[in-house]
Amino acid sequence: MSQNSETSRSHSSEGPNKCLCGAPVAMLKSWTNNNPGRRFETCKFYNLITKTRGCKYFRWVDYTHTTWQKDVINQLLIEKGLLRNEVEILKSEVSNLQEVKKNMKSEIEELSINNPKVVNQNFKTRNVCYTGCYVIVIVIVYVLAMLSMYF
């Protein structure tokens, strides 16, 4: 059977689309700069060594994007990556602040044994500063996490 008749058969309403191997096709998405987010059908038998796909059947499911659509999608993907990096940095900063908090608690416990009056005054001042910074970092992490879910 010729490739054209096989390809046309794969688009019939008789059942699931099949590739030239006769197996159901794999539905994938392209994330290249030229075709970001476009869906396509292809042979599901992928060879990792040769980087080839079985019978090499391929068909776009979506229409081609316009230039401005490609640009917008690619820019959004870049921004998503930057937001993910920011979230990871903020998570690291929160972790570091938690370690600082732990060290400060140990220091306070150690000092409170020796001089309880001085410790109470210093702790109140440090605690207000620390709590404010901690809350700001948590809010920023939350906002960035929520934004990253949308991109």
Q | Pairwise label distance in nanometres, LEU77 with GLU107, each label 7 Å out on the Cα-Cβ vector | A | 4.7 nm
Q: Could you work out the local net charge near ILE78, counting Lys and Arg as +1, Asp and Glu as -1, over the other residues with Cβ closer than 14 Å to its Cβ?
A: 0
Q: Using a 1.4 Å probe and ignoring any ligands, DNA or RNA, find the accessible area of LYS70 and quote it in Å² to the nearest 10.
A: 50 Å²
**Q.** For LEU20, distant residues with modelled amide H under 5 Å away
**A.** TYR57
(Q) Among 61-68, 74-81, how do they line up by average Cβ neighbours within 10 Å per residue, starting with the highest? (A) 74-81, 61-68
Q: Convert each backbone phi in region 84-93 into a coupling constant with the Karplus relation 6.51 cos²θ - 1.76 cosθ + 1.60 (shift: θ = phi - 60°), then list the ³J(HN,Hα) values in order as whole Hz, x for Gly and Pro.
A: 4, 4, 4, 4, 5, 5, 5, 4, 5, 5
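The values are calculated or read from the model by the stated rules, or taken from the named source; none is laboratory data. Note that this is a predicted model, so its numbers are computed, not measured. Cβ atoms come from the backbone with ideal geometry, glycine included; neighbour counts cover every protein chain shown. These area figures cover heavy atoms from the full protein model, side chains too; ligands, DNA and RNA do not enter into them. Shrake-Rupley method; radii C 1.70, N 1.55, O 1.52, S 1.80 Å.
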